[in-house]
Structure formats: C-alpha cells, structure tokens
Amino acid sequence: MKRREFLALSVATFAAFPLATRAQQAAPGRKLGVLMPYTENDPAAGARIAALLSGLRAHGWIDGGNLRIEYRYAPKADAMKTGAVALVGQSPDVLLTTTNLATIALHRETRTIPIIFVGGGDMIKEGLVSSLARPGGNVTGFTNFEPAMGGKWLQLLKEMAPALRRVGFLHNPDTAANINDMHFADAAARPLNVDVVPLPTRNRDDIERAVREFAAASDAGIVVAPNPTTIGNHSLVVDLANAHHLPAVYPLDFYATEGGLMSYGPDQLDMFKRGAAYVDQILKGTSAGSLPVQAPTKFELVINQKTAKSMAIVVPSSLLARADEVIE
C-alpha cells in the first residue's frame, strides 16, 4: 500500500468515529489530553491522530475502552491558551501536543501533569527541559530540531531552482527554533550565491503581506519554517506561493500533498507513533523528566511534479532519485 493510500485510509478510519461519540463511549479510567495546532477537520490533524491511535493500540490502550482521549484544536496562536486551560481543567493523566507554542501553552498551565511534545524545536532554549538526556520537570518528547535543517532546506530549494538569487524565510520571530533555522539558512546561502530575506509573520495577515511584497522580486523563492502560524495557515501559504509562482520548500509533508512544490522534514507519523510509546510508559508510572528527548530518526522528501510543471520547473533527476514520494 502506498503512503498516500495509507494516510487516506487512516484519516477515513479516524473520521468515521466523531470526537463527541468517542468521548461519550469512553469508560472511566486513564485520560489523555491532546492539543493540536490545526482545525478539527484538517486532514493533517486526522493523519497524525490516526498514527497516535495506532501506536496506542499497539501498547494495549484503546480510546473509549481503557483510555479516554480529550481533544482541543487551536489553529491560531491566540487559541492555544484557551485549549491548554480547557485540557488541564480535565485533569488528564498525561498531555500530548506538537509545536513549541502549544507545548509552552500547556506548560504555563501545569508543572505537574506530564507533557509529551511530538515535533518541536529546541526545548532547552525555550526553558522547558534541562537537558536532552534527562529533561527533568514534566516535559519530554520528540523534537524536530536539527541544527542544520535551515541550511538543508535552502540547499534543496536551490537544487530545485538553480536561478534563485533571493530566498524569503517565512518564520515566526517568537519561535526560537525558527530563528536558529534562519541562521543556518543564512550561513548556507553564501556559497550558493543567495540572499536570505527574513519574512517574520505572527498571523494570517502577516503571511499575506509578506509573501505578496516579497513576490515582487525576480529570481525569488521561499523557505517556510514550522510554527503554529505557518502550520495553522498552511493552505494559505501554499496557495500564495503557487499564485505568485514562487518555488518553495516546506517543512512537513502535507504542504506538498496539498499542492506545495516540495517538502522535507521528519516523518511526523512515525514520531506520533513513537509518542504513543511515551504515553504508555508514563501511564505505567515512568516520570516524564526521566524520559530523554529524542531526535527524529526518519526524514522524508516529497516532490509535487504537478506543481513543478505549473511553474515550468524541470525537477532534477538527482532530487527525483532521493525523493520518498513523487506526486504526479
């Protein structure tokens, strides 16, 4: 079964059981709270939750059986606090989320309930963990943080579109990992004869303005850094880049499957399954602070050939050979 067929099946299976119904059927017992920086009907959220549920089942935890899962969705940064307060108010045994801002929002509400992040930046810089080996406190998880990732994105984009001379770095200036990624992109830009232009965004309006103004330049492309702003508005980001014929590289696979030119980053579904193993350990008595923060082990390159053709880009054979998935 191809990856996209598996994702479609997983999402369809997940969607077949409405959240309210699952909550009503859940038996008293252990409770997991999940905070997602997506809309409730976002396919990306559905795929990730399906992977989490699959991982939980492998460890004997069944939503609606011996485990009750409470979900809150926060596609906008200002909704994080509301979602975090609501989940902590449910007194779950463990919390799970993704992105730095969502993890920070939960951490502000509780220093006792274990928090597992699945996908996030440098949590040491954020002050959420003491070290990767022994985080201490109530936070641990699986980081997207890869020191050279910003440079890797830039190199891939330049390989895809060699004529690029200016690359906009779409990021949230309040996210430490995004700033780190931009520094590495800037360092990689010099030997590639490319200028990296910061495009700070904190909301939807910022994204529209930044991309529209930057698109006026010739020989331009964009790198999209992961944060709740760009993730929560991923369809808008893809639509704007394509409308302005801006070659772009994205950090997560769903950007490419929804029409983005190319994505490169950790395999998020694998990370959510690994996150289920941490949920299992914590529910069985292990403290979050004793579980090491783990780095990604699987990365994936997805290329959208249809989008490339629409931009008159001939995808180099070197990229096609390395791609984990090519969307025709």
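Numbers for the structure displayed
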item	result
Selection count where residues are among the small types (Gly, Ala, Ser) and either without any contact (Cβ under 8 Å) to a residue 40 or more places away in the chain or surrounded by fewer than 24 Cβ atoms within 10 Å (Cβ to Cβ) (or both), scope segment 112-137	6
From the options Phe254, Phe214, residue that is at negative phi, among the aromatic types (Phe, Trp, Tyr) and within 16 Å of the chain's Cα centre (by Cα)	Phe254
Of all residues making up segment 51-66, the number that are touching a residue at least 24 places away in the same chain (Cβ under 8 Å), surrounded by fewer than 22 Cβ atoms within 10 Å (Cβ to Cβ) and hydrophobic (A, V, I, L, M, F, W, C)	2
Residue count, segment 37-56 (criterion: closer than 18 Å to Leu269 by Cβ, in contact with a Leu (Cβ under 9 Å, 6 or more places away or on another chain) and in a loop (DSSP other than H, G, I, E, B))	1
Lone unmet requirement of (1) among the aliphatic types (A, V, I, L, M); (2) modelled with pLDDT under 95; (3) surrounded by 15 or more Cβ atoms within 10 Å (Cβ to Cβ) for Ala216	(3)
Inter-residue pairs, beta-carbon under 8 Å, first over 26 Å from Pro162 (Cα atoms) and in segment 200-219, second modelled with pLDDT of 95 or more and surrounded by 13 or more Cβ atoms within 10 Å (Cβ to Cβ), 6+ apart	Thr201/Leu170; Thr201/His171; Thr201/Ile207; Thr201/Ala210; Arg204/Leu236; Asp206/Pro200
Selection from segment 291-328 of residues that are of a type in the set (S, T, N, Q), out of contact with any Gly (no Cβ under 9 Å at 6 or more places or on another chain) and either without any contact (Cβ under 8 Å) to a residue 40 or more places away in the chain or buried (at least 16 other Cβ atoms within 10 Å of the Cβ) (or both)	Thr297, Gln305, Ser317
Count - residues of segment 132-167 that are modelled with pLDDT under 95 and hydroxyl-bearing (Ser, Thr, Tyr)	1
Hits in segment 138-173 (condition: among the charged types (D, E, K, R) and free of Cβ contacts under 8 Å to residues at least 60 places away in the same chain)	Lys158, Arg165, Arg166
Residue list for segment 294-310, restricted to those being assigned to a loop (DSSP other than H, G, I, E, B) and at pLDDT 95 or above	none
Test for Ile313: is it in contact with a Pro (Cβ under 7 Å, 6 or more places away or on another chain) and not in a loop (DSSP other than H, G, I, E, B)	no
Strands (runs of 3 or more DSSP E) wholly inside segment 187-272 containing at least 3 residues that are within 25 Å of Lys309 (Cβ to Cβ)	220-224, 248-250, 262-266
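The values are calculated or read from the model by the stated rules, or taken from the named source; none is laboratory data. Note that this is a predicted model, so its numbers are computed, not measured. Note: ideal-geometry Cβ built from the backbone for every residue, glycine included; neighbour counts use all protein chains shown.
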